[in-house]
Amino acid sequence: MTNKCPTGPNRGYACGHLYFEMERMVDLLAERLRMDPAQVRRRNFIRADQFPYRTPSGGVYDSGDYAAAFDRALEVADYGRLREEQSRARAAGRLYGVGLAVAVDPSVSNMGYVTIALDPKRRARPGYLAKSGAIESATVRIDPLGQVTAILGTAPQGQGHQTVVAQIVADELGIAPADITVVDEMDTFTRVWGISSGTYSSRFGSVGTSAAALAARKLKDKLILLASAITETPAEKLTLADGRIVVRGEAQRGLTLKQLAGRAHWNTQSLPPGMEPALEATAVFGFPLADSPDERDRVNSSNTYGFIAEVMAVEVDRETADIKILRYVTVHDAGVIINPAIAEGQIMGGALHGLGGALWEELAYDGQGQFLAGSFMDYLVPSASQAPAIEVAHLATPSPFTTLGAKGLGEAGSMTAPAAVANAVSDALAPLGVRITELPITPSRLWHLLERAERGTR
Amino acid sequence: MPEPQRIRLTVNGQPHEGSAEPRRLLVDFLREDLALTGTHVGCEHGICGACTILFNGEAVRSCLMLAVQADGAELMTVEGLARGGELHILQLAFREHHALQCGFCTPGMLMAAYDFLRVNPRPTEDEVREALSAVLCRCTGYQGIVRAVMAAARRMSAADE
Amino acid sequence: MKPAPFEYHAPSSASHALELLARHGADARILAGGQSLVPLLNFRLSAPAVIVDLNRTADLAYIKEEGGSLRIGAMTRQRAIEFSALVRSRLPLLAEATRWVGHLPTRTRGTIGGSLAHSDPAAEYPAVVAALDGEIAIRNSGGERVVRAADFFVGFMSTALRPGEMLTEVRLTPPPPDSGWAFEEFSRRRGDFAIVGIAAVVAMERNRCRMARLAVCGAAPCAMRLRGAEEILEAGRIEERSVHNAATRAAELVDPPSDLHASSDYRRHLTRVLTRRALNRALARACRPEAVDA
């Protein structure tokens, strides 16, 4: 029992904590072994030829090349030069540190994973109803005037799903994204949806885009069959481009989407035998590897797995213990990137979100359980002045399990920034023997650690 | 119980009339009485900046003003940025540079930036960041917003020359 | 949350405001810029029966030069101070410190009178007014009295203002032309209240410090002059160790609070660091670079 406020996952769903611990431990190990922390990491990556990779807990990592992504981060950051800068700084008595952090970035939750909260014996009882799966739906339709509408199941809040779905459908149907109306309202009373539908767990990039592409393809197949019958041309010879369905190599032989749609809607008796009337296709995409947990609690809790590698250089002001981030490089493998601007927006937002938790934000209580951070005056959300310059690079290993090879990208640096900062600051203070074991690091707390260390060495 | 007071004001060039109890906040009056829901309520204690509007030409936090204080005033809200269906240069820049995701802070960002660029038409990036720290954003990490304001500043000062 | 109901008055003159304050006594709160009071009303941490809104008064907002000093009306907006050419040339310390006060949208409404009367321990203006040895004009129904800054800030969020009184003007004498000044602040984020802030003014005569004024915010229940540190500087020639010693003494003079953002010891440490930095800059401005302590 506690009178403290309940908490819930908010971006990274506790991976910020997970990787803080793991990545700090890797650095502590490197310290113990007197090895470069980059070397220790390289030796422990899953190799590119091991994918899809089965983890001891039942996970199946779809694709990745962790060493290549990591090396790219080191290359972009010019890691060797950062270490040289560090030697120069240390010789001048400055507290300069370099921190690394890597993370497997899972997206899409398999609903089955929630049942590992139940005792396996209970799950083994007859009559127990198992839970599993991760699905998403999309519908694409063309009206009698040839206007295309796409309907999402994800109910986004600014992540750009409408833009991406328009791109995907436009690509499949050979039209422009601006010609597509995307509907993102969700009403479970009237729409196709599933238990796992929604926007969370970075699932849109992976299962959402797959559903949209499959729905568009279903509709495209229908359009081609229809055009094939009308033009008396074999289906393989037809293609969609610039709002038309044309015979390959004979651009003048074809129909516009508007003409095709008009015929399909107004003259349903003219459709090929066996073809369902109406120009609409719904696809519900689900991952095959989304089973419920086994008797040993093994479960593939996510369905696509990206990778993040980060390098951060910081300097700690000896007098004020203020931390200045001098360099922040982040490399992301999120499979095929469909919209680079949107991807970058998620990366920037995620990184600052993670830094917020590492340096400023705290749900603090006093000894009596009294909440101390009940307003934005005390709960410090980073503002534009706090955001460091961030260099972003990508490395794509397409997922074999999604329709377009895309993975999710929403959590981003919220997972890795806390670890990167903690490692960088610990590295900066290594000559004083100060290690970061707790977040957030505030100047006041850091100063106390410095004071204690300096008193200890006198 | 204090009586509602009559309020006459101009918002985005249009005259409006209403009445409100003295304790009614300006942001609530704009949103609920005038149906101008572009201005957002984020924190109600003057930190998040989502409620930022122009009051007699200068940016203010409308959650820290009383509606009755706007009697006789000229206000501009985010709805007043576009003219004749044409988006303002700032709005175009925000769209171009992916400066919004959920859009909750966006009205505040736009109005704070608008005021700031009138005071400092040729800012450095650091100056833009300092000015934008008046409004909190969780989605974007501010990168796109800073780019958008810098781009808008360049276009706006070029247009003035 | 929304404010509790209150009776509202918006007088058009200071005299009328004073009448209202006299009539309603302890039931009334003054509403100036609202940047401190309205959040309290919104949280219902404050629920006064009567609000006297000074924003419609015509005679309380001005910046004018009179008899060698600047007189700033209580309702003068921080934004007006920030952009005042007069303030920038005669009281650059005040202009500089204003850039640290909140953000441009809060400075549009926030007033100098409100900031001083509210006397938040971490607010910048009280420290600046203390460092400039300012005078604060207070009016009550009986007349006017003037209180020196050193006597105005008395404790945590409390000032020399008595019930029914109103701060009407701040009088600041520009330091002599050969003086230097500096404002140093450390805060968690730009625009936040100071963890610690130091306002410094020094007037030099050859390499003697004729006058030193140091005031701190964030390290005590209210803005505080660091007289003991000032005396070290005024004692004799300014030498290499003078700044170091003054800064050390400054840290000894404060008994800072501890809170979520900073411990007492850290604030004390910052007092020393920022005093040193402020004095170095002030002395450099007074063209005495040999006194700068690295």
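The values are calculated or read from the model by the stated rules, or taken from the named source; none is laboratory data. All of these numbers come straight from a predicted model, not from anything done at the bench. Positions of Cβ are backbone-derived with ideal geometry, glycine not excepted, and every protein chain shown enters the neighbour counts.
Residue by residue, here is whether (1) part of a helix (DSSP H, G or I); (2) more than 18 Å from A:Thr397 (Cα to Cα) holds:
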site: A:Arg24; (1), (2): yes, yes
site: A:Met35; (1), (2): no, yes
site: A:Phe45; (1), (2): no, no
site: A:Ala67; (1), (2): yes, no
site: A:Glu84; (1), (2): yes, yes
site: A:Pro106; (1), (2): no, no
site: A:Tyr113; (1), (2): yes, yes
site: A:Leu129; (1), (2): no, yes
**Q.** The listed residue being touching a residue at least 12 places away in the same chain (Cβ under 8 Å) and assigned to a strand (DSSP E or B), out of A:Glu310, A:Glu295
**A.** A:Glu310
Q. What helices (runs of 4 or more DSSP H) completely inside the stretch B:64-161 contain at least 1 residues that are under 26 Å from A:Ser375 (Cα atoms)?
A. B:106-119, B:125-132, B:143-160
Q) Is it the case that the stretch C:102-118 has a residue that's within 14 Å of chain B (Cβ to nearest Cβ) and in a strand (DSSP E or B)? A) yes
Q | Residues located in the stretch A:291-319, provided they are more than 30 Å from A:Ala89 (Cα to Cα) and in contact with a strand residue (DSSP E or B) (Cβ under 6 Å, 6 or more places away or on another chain) | A | A:Asn300, A:Ser302, A:Asn303, A:Thr304, A:Tyr305, A:Gly306, A:Phe307
Q: Would you mind telling me which numbered condition in (1) buried (at least 23 other Cβ atoms within 10 Å of the Cβ); (2) at the interface with chain A (Cβ under 10 Å from one of its Cβ atoms); (3) in contact (Cβ under 8 Å) with a residue 24 or more places away in the chain B:Ala131 fails?
A: (3)
Q | Output for the stretch A:338-373, where each listed residue is assigned to a loop (DSSP other than H, G, I, E, B) and at the interface with chain B (Cβ under 10 Å from one of its Cβ atoms) | A | A:Asn339
Q: Answer with yes or no whether B:Met109 is under 12 Å from the mean Cα position of the chain (by Cα), of a type in the set (A, V, I, L, M, F, W, C) and closer than 28 Å to C:Val101 by Cα.
A: yes
Q) When you look at B:Gly141, is it under 24 Å from A:Tyr379 (Cα atoms), surrounded by fewer than 24 Cβ atoms within 10 Å (Cβ to Cβ), out of contact with any strand residue (DSSP E or B) (no Cβ under 7 Å at 6 or more places or on another chain) and not assigned by TED's automatic domain parsing to the domain that holds B:Gly13, yes or no? A) no
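For every residue, the table says whether it meets (1) at pLDDT 95 or above; (2) within 14 Å of another protein chain (Cβ to nearest Cβ); (3) part of a loop (DSSP other than H, G, I, E, B); (4) in contact with a Cys (Cβ under 7 Å, 6 or more places away or on another chain).
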residue: A:Val381; (1), (2), (3), (4): yes, yes, yes, no
residue: A:Ser385; (1), (2), (3), (4): yes, yes, no, no
residue: A:Val392; (1), (2), (3), (4): yes, yes, no, no
residue: A:Ala396; (1), (2), (3), (4): yes, no, yes, no
residue: A:Ala419; (1), (2), (3), (4): yes, no, no, no
residue: A:Ala422; (1), (2), (3), (4): yes, no, no, no
residue: A:Val425; (1), (2), (3), (4): yes, no, no, no
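Give the residue, chosen from B:Gly57, B:Gly80, that is in contact with a strand residue (DSSP E or B) (Cβ under 8 Å, 6 or more places away or on another chain), at pLDDT 95 or above, within 13 Å of another protein chain (Cβ to nearest Cβ) and within 30 Å of B:Arg23 (Cα to Cα).
Details: B:Gly80 fails: within 13 Å of another protein chain (Cβ to nearest Cβ).
Selected residue: B:Gly57, the only one of B:Gly57, B:Gly80 that is in contact with a strand residue (DSSP E or B) (Cβ under 8 Å, 6 or more places away or on another chain), at pLDDT 95 or above, within 13 Å of another protein chain (Cβ to nearest Cβ) and within 30 Å of B:Arg23 (Cα to Cα).
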Q) Looking only at the stretch B:1-59, which residues are in a strand (DSSP E or B) and among the hydrophobic types (A, V, I, L, M, F, W, C)? A) B:Ile7, B:Leu9, B:Val11, B:Ala20, B:Leu25, B:Ile53, B:Leu54, B:Phe55, B:Ala59
Q | The lone exception for C:Ala262 - which of (1) outside any loop (DSSP other than H, G, I, E, B); (2) touching a Leu at 6+ places or on another chain (Cβ under 8 Å); (3) within 27 Å of A:Glu451 (Cβ to Cβ) it fails | A | (1)
